[in-house]
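Here is the structure we will look at, set down as structure tokens.
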Amino acid sequence: MPSDADLHAQLRQLQQQHLALQADYQSLQLEKQKQETSATLWLEQRTRELQAEAREQKKAETLQRVFYRIAERAAADLTFYDFLQSVHGLLGELLYAKNCYACLYDAQKHRKDFPYYVDERDGDALQLSNVPYRKGLTEFVLSTRKPQIIDATRLKALQAAGDVTEGSGDMTFSSWLGVPMHIRGTIGGVLAVQGYEPGVHYSTTDADILSFVANHVSSAIERYQALDELRKSEERYRTVIEKVGVGVVVIQDDRMVFANPSLVRIVGHPLDYLLAQPFTATLHPDDLPTMVDRHERRLRGEEVESTYSFRVITQHGEIRSLELSAVKIEWGKREATLVFVVDATARLQAEQTQRLTLQKQTELNDMKSRFISVASHEFRTPLAFILSSAELLKHYGDRLPEPEKMEVINTIETGVQRMTQMLDRVLLLGKVEAQMLEFRPADIDLLALCQDLVEEARTQHADTGCELALDFDGVPPTGQFDEKLLRHIFGNLLSNAIKYSPQGARVSFRIFPSDGRVAFEVADQGIGIPADELPHLFEWFHRASNVGDIQGTGLGLAIVKNSVDLHGGSIAVTSQVGQGSCFTVRI
């Protein structure tokens, strides 16, 4: 049996082991508590980290969404103010932006524009243009060229240092943030936000966010400025096009797709009609094939005259002469033709008048030359006869037999008569040119007049042996005529018929009714008139090329034509070289 001492020793040992186990247990408990505390702290830390990451992720998503929507607004067809207003609204999702403004700076003019200014205290009173450059907060950002965060304390320091001395608007804000905007490679403006509540404090993160937004706004501003310049350029161009005196038209798919007011005025049709019809609708029918051919050749890229004339018919039937120059262009991303049109009607009429005047002057000069030539010949020949005859009588008159003396005297009389006739015709020419040849109709014995004219012609050309036949058939013997003009007409025609006919030929003078008028026909069997000279037959001083040395002035038929015209009549001629001519006057 164990002794009491052994039992007590075993008991103490067990007690010690129990104490050791308790100590171990307590130690394990403490370790467990430490481990649990450490896990809790780690879990809390990790939770905070995840929450921070979530906030950053959400912030990034918000930034991305806001920037996308800003870009979307920039591409939309908004006014510049509406665009900035939408940016202001989106900016509030990223930072405190109850109050916001945008400033554009013109470095050359040293002026500022505030296209957008919203402030809970200032309202929109500072939304101004052409504002002078001062020492304000906006100018401080422009001069430092970097973001500026300013609170009341820093504002006092800047004012004390003289950096900000001319601030505008309510300056009692709790925090102000402004960032520069880079426009076309330079500092061209400022985007700013501010708050008046005590709890508003902007940070460098806010400055970074606002700078990002300012970059997007700057890009949009560049686009708006480019569009504005384009719009102004288009307005200037349109103003020029609308007001220029030249007609401008764009033709595409064989229709006019644009026409300025001058083109409408020049062509003489309403704009809606021009745009609704093919471009050829107003063209003169004679010019249509050429215009279409040139238009199609130009579209094919072939070489076409750059400038040419054509005619149009206006709404009221007036024919106008126009000139155009055309070039192929792109209109609405498709090929078209740009045409410039001027009304050349007045100029062409003036040129035509000038040509006619020049032609008339040339004809007058030719007539003067021919007159001088004819007059010199017609006067020189009889004067030579008269002079030689007078000298013959002067020196040998007492020795000349009487018959020879009478022959010389007759030669002088014939020369004088010829000169008198020439002078009468020249005087008559002057009256015709001055429109002083008068028409004085009266009751006359037409048959007796015609008989007198035939007898005078026979007497005047007695040496030709020509046979003159008068045929007065079916016409009243009397009527209303100008006897003097009739003598001019038929005296010349009968004289010419005999003069240009061979010896012993027949000349007929026939008077007969014709469509309510009296027709006078003088026909001969003479040399005839070349066909190509018939159009010039009644011109002053014109003589046919086949008259040879037969005397004449070229005045007779011109006097005949004017006398017929004064009677309100007509004259026609048929002729064949070598067979004779026939003149028919209807009065």
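Annotations
- W42, W331, ranked by accessible area, largest first (probe 1.4 Å): W42, W331
- Taking the accessible area of region 80-235, probe 1.4 Å, and keeping the other protein chains in place, the carbon and sulfur fraction comes to 50%.
- Area accessible to solvent at E539, 1.4 Å probe radius, in Å²: 80 Å²
- For region 450-502, the share of accessible area belonging to carbon and sulfur comes to 48 percent (1.4 Å probe, ligands and nucleic acids excluded).
- Between L126 and Y196, full extension at 0.36 nm per residue minus the direct alpha carbon distance yields a gain of 23.5 nm.
- The accessible surface of region 243-332, taken with every protein chain in place and a 1.4 Å probe, is 51 percent carbon and sulfur.
- Cα gyration tensor, region 527-587 - rounded (a/c under 1.5), prolate or oblate: oblate
- With protein chains left intact and a 1.4 Å probe, residues in region 542-587 average 42 Å² of accessible area per residue.
- Extended-chain gain in nm, criterion 0.36 nm per residue less alpha-carbon gap, S203 and K405: 58.3 nm
- Each label point was placed 7 Å from the Cα along the Cα-to-Cβ direction; for Q349 and E391 their separation is 6.2 nm.
- Per-residue extension of 0.36 nm, minus the Cα-Cα distance of V342 and A157, leaves a gain of 59.5 nm for this segment.
- Too-long pairs where the Cα-Cα distance tops 24 Å, listed order kept, from K112/K146; K112/K135; K394/K499; K34/K58; K499/K561: K394/K499; K34/K58
- For Y68, the accessible surface of its heavy atoms amounts to roughly 150 Å² (probe 1.4 Å, protein chains only, rounded to the nearest 10).
- For region 104-186, accessible area per residue (1.4 Å probe, heavy atoms of protein chains only), Å²: 54 Å²
- Within region 250-333, the GluC sites (Glu not before Pro) that combine a DSSP coil assignment with at most 13 other C-beta atoms in a 10 angstrom radius are E302, E303, E305, E318.
- Proximity of backbone amide H atoms, modeled 1.01 Å from N, is registered between R111 and D106 at under 5 Å, excluding neighbours fewer than 5 places apart on the same chain.
- Accessible surface, region 283-338, averaged per residue in Å² (probe 1.4 Å): 62 Å²
The values are calculated or read from the model by the stated rules, or taken from the named source; none is laboratory data. Source: prediction; values computed, not measured. Note that each Cβ is placed from the backbone with ideal geometry, even for glycine, and that neighbours are counted across all protein chains shown. Areas reflect the complete protein model, heavy atoms only, side chains present, ligands, DNA and RNA absent. Shrake-Rupley method; radii C 1.70, N 1.55, O 1.52, S 1.80 Å.
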